[in-house]
1. Please compute the length gained on full extension between H504 and H332, using 0.36 nm multiplied by the number of residues separating them and subtracting their Cα-Cα distance.
2. Return the unpartnered cysteines for the chain, using a Cβ-Cβ cut-off of under 4.7 Å.
3. Taking amide H positions as placed 1.01 Å from N in the peptide plane, with prolines and chain starts having none, which residues 5 or more places from K114, or on another chain, fall under 5 Å of its amide H?
4. Can you work out the FRET efficiency for the pair S81 and D106, with r the C-beta to C-beta distance and R0 = 22 Å, to the nearest 0.05?
5. Quick one: Karplus J couplings for region 564-575, per residue in order, coefficients 6.51, -1.76, 1.60, θ = phi - 60°, nearest Hz, x for Gly and Pro?
6. Calculate, in whole percent, how much of the Cα-Cα pair population of region 125-198 lies beyond 20 Å.
7. Full extension from I230 to K481: what is 0.36 nm times the residue separation minus their Cα-Cα distance, to one decimal in nm?
8. Check Q334: other-chain or 5+ apart residues with amide H under 5 Å from its amide H, H built from backbone geometry?
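Please treat every number below as a calculation from the coordinates, not as lab data. For clarity, every value in this text was computed on a predicted model and none was experimentally measured. When we count neighbours, we look across all protein chains shown, and the Cβ atoms used for this are built from the backbone with ideal geometry, even at glycine.
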Amino acid sequence: MKDIQKEIEKLRKEIRLNNYRYYVLNEPSVSDYEYDQMLNKLIKLEKAHPEMITSDSPSQRVGGEPAREFPTVNHEVPMLSLGNTYSREELEDFEKRIKTLLPEADIQFVTELKFDGIAVSLIYHNGSLVQGATRGDGERGDDITPNIRTIRSIPLTLFQKKGLPTDIEVRGEVYMPKKEFNRLNREQEVKGDRIFANPRNATAGTLKLQDPKIVARRPLYFSAYFLRIIDNESALAGMRSTHLENLHLLRELGLPVSRQVALCRTMWDVLDFCSDWEEKREDLPYEIDGIVIKVNDLQQQAELGSTAKSPRWAIAYKFKAKQATTVLRAIHLQVGRTGTVTPVAVLEPVFLAGSTISRATLHNEYEIRRKDIREGDTVLIEKGGDVIPKVVKVILDKRPEKSKPFHMPDKCPVCSGPLIRTEGEAAVRCENIACPAQVHRRIEHFASRGAMDIEGLGDALILQLVENRLIADYGDLYRLKKEEIAELERMGQKSAQNLIEAIHESKRQALDRVIFALGIRYVGSTVAVVLADYFGSIDSLKNASQSELDTIDGVGPTIAESIVQFFGQKHNLEVIEKLKQAGVCMAEERRSRRGGIFDGKMFVLTGALDRMTRQAASELIESEGGKVTSSVSGNTDYVLVGQNPGSKYQKAQDLGVALIDEDTFISMLEKSKKKKFPRDSQLAIEI
Ligand code: IVH
């Protein structure tokens, strides 16, 4: 036993050291393969000896249980923001202000990259990471510790050496490198999930996820730029008198700190650093949006103090978005898979911020009218942090004569069907589901990897199938014959056979995949899983009312409305019927959990339960085939009432819904499960 413990300790130490070499020093000393081997060995040993698992083991980064809501934390020292400058003059003013406040002092500055990510605060106690929080409003942020723990460049334990502090607060930026961001977006697209506009949004979106397991799979990194020592402040005070020393100390403790830092003795040096990085920013593997300039001496920092919003000893020099002028050749209308029509600017190609740009987003018709953008105009375009550049304004001097203001056509550019404007929405939509643009894209989506995963059914082939009128919707795929396919261009007997087999195979895809594949607006792969779990079949989903859909966790009113609309269209029902006839999976027994005592029954919980948590009660209900929703309606079968019930209790009484208390509930379960439940609060685990 002792030997195993030793082996585990040794592996942990080695893995931590390698993490440090990789993330902090940027000098990996083992291959990825060797690293994975070490980690796997550790995980295996810990699995065999779970009593030896500690929360700071490098194996514990896979993500814990999902949270309902993040707890709030108070920042002991407020997390201030920085004043912004955009010009040399303003930077010189910053220096002048400091010199007026500290006329005698010799001021030196430290310049750092301004990472474009999300600021977080980390608390270490006795050398272990105990809390990770967002900035929030500066005074109070969200406690996102489980998510922070999954970020591999953040050490779970500090390096400990005599003289190093063990209780500290570290602040820094969580960010997503550009390459990883692009990869994530490609994956999101395949899955039909939301595309992020820039790495910063992707980082913010990821840190807000309630399920740390998903966070663990996202490529987040960290860079530290601030240290506060909580213990031994006086003993350690002598060691460090500058911000640069703090950065060194952070690195010694095992935290990643950017190497692109300079000590500047004059404002000239500061300005050089700024213009240098403004030039080179494209070459960095992550996004920066400026340079942060800080007074190096900590004593001087303290004397300068802060205003309510930002410190007087630091400032951000923000880069301007890169701009270029070019000619807007045409305004094209793009018809999306779900019929949304968006205008896009087709540009004379121009090189800007590291890439050639030939398209820019125009958002919607109002935006075009507001900026009075016309075909043939010379326009100023801008590439900010976002993937897609935007048109800033028209250079009116260069407007050709006889140019005409833009008007949104009232017909779809693809099928000539009417374009429909929904109240409160800027976008217009083509609602003709047979519109070839949509048919094509809908089928593409249906066959995509995250949906029915029909191998070999790519873009070009779908186009051929549609153009040759072999299919008009995805339901027709299952009626295709080998001979028809073999006759198409670049197809032969063998590839036709393979396609037929792939289509046949897809009938076995799980229900959530089928629901996702239907292409219902707003129903991505995650919502599809929720719907499949809840309804268990396409038929019950089809018959669900908007109010029932609305009560399901993870389904908001917009999604609910969209689902009802989808199943309300005759044409869509016909396509679904084709899928049914073909034998595509339309229901899953496993999901509907038939046969339990609460089979098909709808529950609502109110008040605190004595012998179990509400989560446990919900799991028990679901284990017996019931469903739990959040509000009482005519569809509710039972309301489980605990201590101090809320308004749901009254509503249930008004509607005449059956009320049961906890004891009754438990005895029903005991009867069904043919066993007694012990009198403790861990019922869900018991089962
Ligand atoms: S120092 C009191 N250093 O910029 C000073 N901030 O606009 C605290 N940021 O909220 C900030 N890189 O999210 C500092 N090297 C850096 C930074 C940095 C990025 C962000 C940070 C902060 C925001 C201020």
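1. Values: separation 172, 0.36 × 172 = 61.92 nm, distance 3.80 nm.
Extra length available between H504 and H332 comes to 58.1 nm.
2. C264, C274, C585
3. Hits under the 5 Å cutoff: D289, G290, I291, V292.
4. Details: r = 28 Å, r/R0 = 1.26.
Calculated transfer efficiency: 0.20.
5. 4, 4, 4, 7, x, 9, 4, 4, 5, 5, 5, 5
6. Details: 1373 of 2701 pairs.
Cα-Cα pairs in region 125-198 separated by more than 20 Å: 51 percent.
7. Extra length available between I230 and K481 comes to 83.1 nm.
8. Residues meeting the amide H criterion: T342, V344.
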